[in-house]
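Before any comments, here is the structure.
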Amino acid sequence: MIRARLDDLLRYNPVPQGALSLAQWAAAAAKSPRNPAWVSLACAAARCAPTDSLMQRIEKWMLARLDLSSADELWSWYPTQSSIVEVKKTAILKPATNSEQGVVFISFESQWEKLLQLGSERLAEFVRRYQLVVAPTWSPPHSVTNVVFPRLFPGLLPCTISNLLDLEVFPRLHPSYKPVQLFASSWVNPELYRPKPRAERDIDLLMIANFGRYKRHHALFRALSQIPKNNRPRVTLVGQPHGDRTAEVLVREMEYFGVKDNIALKSRISDQEVVDILCRSRAAVITSLREGSCVAVVEAMMADTPLGLLKGAHIGSSAFLNEHTGRWLDGDRLGEEIVQFIQESDSCSPRQWLLDHGIECATSTRTLNDHLRGMSTRWSKDIAAHHWRPDPQLLTESARAEALSEAELLRKELGLVLA
């Protein structure tokens, strides 16, 4: 666990973060502007900057340096063009017509970046036919894709966000970005959840998180070890391997803290099983301190399961955390706070709060539709509704049929396969 503590220190303490940010900035400046590695270093420096002022200084330097690069030079960083380009995590929200753009939604930077494999001519034809909507995955959103892609993509880029702060960051990165106040977690479908009555819930505490180190499972294990054995909650962990961190790694960490007998670990289970577990849990917790939107937050709330986040966590869905939906928990007193949170969980009503405030896929569709309509010169047909389970999926059979037909046209005419 020394490595976990060291990792926490380097990731979240402002002093080493500031030193690391400055070192990465210096390394970026030392590289030739023709070497794309400098952009990756500069983005990393901005992401880990401990203050907004330092982040913006790095941003301005990076963007000014990018301004000196021609489009031909930037295209040379993406030399691979393909006759067939396959992009996953997509949804065709609206088919194109002769007089009106369609709408294509793509999540994850690694996926919409693949559009560059079309080359400039086919990409221009795609933009003529469709309005692209992108859904970034992390906050702060500084990445090579997010700063270079809008300089090569010949159109506007409406985008969702991963944190409320991103509403200000994206327009700084490029004027093509038109952010809308929607998260990846804004697309949860309430129809999928059938919450159990509180008296029938047999799981005291749930944590849904991949097994990545940034999810900080060790914080939960340490907190449980500080609770007397006869008072420890029944905990379920749901997730999947992340890099070299497998279920076996998590089991060893549980054994180190002496809490293995208190935890049921579920790895690579079906989506329906995840929903069932959410609806059977009294409370849920996320122990990460920095990530993107974190869809699991709103999924728990939609299952009427109150959720706890650690104070100070930079997680987009914390925008929905309040006395009705969950609690901010003190990481230094996490063990006792977890016990109290579970005891008081019946006083929360997170699902009703979400529904009352339109935090679900139908309202989010209307919000995105209004945003796109305001950007368009012609708008006669609204977009189809989709939800996130766990990738974007259209809600109605008719919309899916239209999308399949449109996808076939894209494959035949542009060599673009939207999966």
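Please tell me if residue 401 is within 22 Å of residue 85 (Cα to Cα) and either over 21 Å from the mean Cα position of the chain (by Cα) or surrounded by fewer than 20 Cβ atoms within 10 Å (Cβ to Cβ) (or both).
Details: within 22 Å of residue 85 (Cα to Cα): yes; either over 21 Å from the mean Cα position of the chain (by Cα) or surrounded by fewer than 20 Cβ atoms within 10 Å (Cβ to Cβ) (or both): yes.
When the stated conditions are applied, residue 401 passes them.
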> Pairs under 7 Å by beta carbon, first residue on the phi < 0 side of the Ramachandran plot in region 328-348, partner basic (Lys, Arg), six or more apart or different chains?
Replying inline: 328/311; 329/311; 330/311; 331/311; 341/327; 342/282; 345/282; 346/198
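Output the residues belonging to region 147-167 that are crowded, with 19+ Cβ neighbours inside 10 Å and in a helix (DSSP H, G or I). Before you say what the answer is, go through the steps one by one.
First, the residues of region 147-167 that are crowded, with 19+ Cβ neighbours inside 10 Å: 147-150, 153, 157-163, 166.
Result: 147, 148, 149, 150, 166.
Here's a check for you: in region 29-39, which residue that is part of a helix (DSSP H, G or I) and surrounded by 15 or more Cβ atoms within 10 Å (Cβ to Cβ) is farthest from the chain's Cα centre (by Cα)? Working first, answer last.
Our first condition is that a residue be part of a helix (DSSP H, G or I); within region 29-39, this holds for 29-30, 37-39.
Cutting the leftovers down to surrounded by 15 or more Cβ atoms within 10 Å (Cβ to Cβ) gives us 29, 38-39.
Details: 29: 30, 38: 25, 39: 22 Å.
Filtering first and then ranking leaves 29.
Can you say whether residue 94 is at positive phi and in the same structural domain as residue 409 (by TED's automatic domain parsing), as far as the supplied structure shows?
Working: at positive phi: no; in the same structural domain as residue 409 (by TED's automatic domain parsing): yes.
So residue 94 fails the test.
Can you find a residue that is of a type in the set (A, V, I, L, M, F, W, C) and surrounded by fewer than 18 Cβ atoms within 10 Å (Cβ to Cβ) anywhere in region 168-191? Break it down stepwise before answering.
Quick first cut of region 168-191, residues of a type in the set (A, V, I, L, M, F, W, C) only: 169-170, 173, 180, 182-184, 187-188.
Next, only the ones that are surrounded by fewer than 18 Cβ atoms within 10 Å (Cβ to Cβ) stay: none.
No, region 168-191 contains no residue that is of a type in the set (A, V, I, L, M, F, W, C) and surrounded by fewer than 18 Cβ atoms within 10 Å (Cβ to Cβ).
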> Residue check, residue 89 against (1) assigned by TED's automatic domain parsing to the domain that holds residue 165; (2) charged (D, E, K, R); (3) on the phi < 0 side of the Ramachandran plot, all met but one. Which one?
Replying inline: (3)
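Among the residues of region 79-106, which ones are outside any loop (DSSP other than H, G, I, E, B), in contact with an Asp or Glu (Cβ under 7 Å, 6 or more places away or on another chain) and not hydrophobic (A, V, I, L, M, F, W, C)?
Taking region 79-106 as the starting set, the residues that turn out to be outside any loop (DSSP other than H, G, I, E, B) are 85-87, 90-94, 102-106.
Pick out the ones that are also in contact with an Asp or Glu (Cβ under 7 Å, 6 or more places away or on another chain) and you get 92, 102.
Result: 102, single match.
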>> Checking residue 218 against (1) at pLDDT 95 or above; (2) out of contact with any Asp or Glu (no Cβ under 9 Å at 6 or more places or on another chain): exactly one of these is not met. Which one?
In response: (2)
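Can you find a residue in region 322-329 that is of a type in the set (Lys, Arg), more than 19 Å from the chain's Cα centre (by Cα) and closer than 18 Å to residue 92 by Cβ? Please lay out each step first, then the result.
Our first condition is that a residue be of a type in the set (Lys, Arg); within region 322-329, this holds for 327.
From what's left, more than 19 Å from the chain's Cα centre (by Cα): 327.
Still in the running and closer than 18 Å to residue 92 by Cβ: none.
No, region 322-329 contains no residue that is of a type in the set (Lys, Arg), more than 19 Å from the chain's Cα centre (by Cα) and closer than 18 Å to residue 92 by Cβ.
Here is a yes/no grid of residues against (1) modelled with pLDDT of 95 or more; (2) within 30 Å of residue 87 (Cβ to Cβ); (3) not in a loop (DSSP other than H, G, I, E, B):
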residue	(1), (2), (3)
338	yes, no, yes
345	yes, no, yes
353	yes, no, yes
364	yes, yes, yes
370	yes, yes, yes
384	yes, yes, no
406	yes, yes, yes
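The values are calculated or read from the model by the stated rules, or taken from the named source; none is laboratory data. Computed from a predicted structure; not experimentally measured. Neighbour counts are summed over all protein chains in view; Cβ atoms, including those assigned to glycine, are modelled from backbone coordinates with ideal geometry.
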